[in-house]
Amino acid sequence: MALYEHVFLARQDLAQAQVDALAETATKIVEEGQGKVVKTETWGLRSLAYRIKKNRKAHYVLLEIDAPAAVVAELERQTAINEDVIRYMTIRVDEHEAGPSAMMRRGDRDRERGGRGGRDGERGDRGGRGERRERDDRNFEAA
């Protein structure tokens with residue numbers, strides 16, 4: 001059997017329970033076709049780079065699959081029919097990543113640093129600006 005990664009984006013107005021139900025449905029389709037879902041990751045509600053079907057945000061879900069090609073074709077067919085899924089992509093991989101995916105590692109790294117750079121007035125590793133001097137208004141008087 002081949003290894004695949006299947007990512008789908010669900011509508012922003014769905015509850016997390018509904019997104020989990022979509023992932024469970026996809027898992028059921030794979031398992032009925034004699035395949036197995038190795039790992040499921042929910043990346044949460046994230047902003048989109050551009051609007052897709054009037055959505056500015058979407059729930060991202062990753063499934064790592066070990067299944068025959070026919071099962072993946074059926075999964076894609078069912079996903080395309082579902083109105084709650086606004087985009088999906090399945091790729092064949094040589095091997096699955098050990099541990100969390102890059103998207104999950106990024107979130108862990110951000111939490112370790114105390115948020116993303118630029119938030120809460122923190123400047124990260126750049127340091128502060130130093131003392132600020134007051135502007136001399138004499139140079140700006142009207143002539």
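Just so you know, all these numbers are worked out from the coordinates, no wet-lab data involved. Everything numeric in this text was worked out from a predicted model, so none of it was measured. When we count neighbours, we look across all protein chains shown, and the Cβ atoms used for this are built from the backbone with ideal geometry, even at glycine.
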From phi via Karplus (6.51, -1.76, 1.60), per-residue ³J(HN,Hα) for the range 46-60 in Hz, x at Gly/Pro = 10, 6, 8, 5, 8, 5, 10, 6, 6, 10, 9, 9, 7, 7, 9
ask   = What ranking do Tyr50, Tyr60, Tyr4 get, fewest neighbouring Cβ atoms within 10 angstrom at the top?
value = Tyr50, Tyr60, Tyr4
note = Given 10 °C, 1.306 mPa s and a Kirkwood radius over Cα pairs, the Stokes-Einstein diffusion coefficient of the range 1-106 in µm²/s is 113
request  = Excluding residues fewer than 8 places away in the same chain, name every one of the lysines whose C-alpha is closer than 26 Å to that of Lys36.
outcome  = Lys28
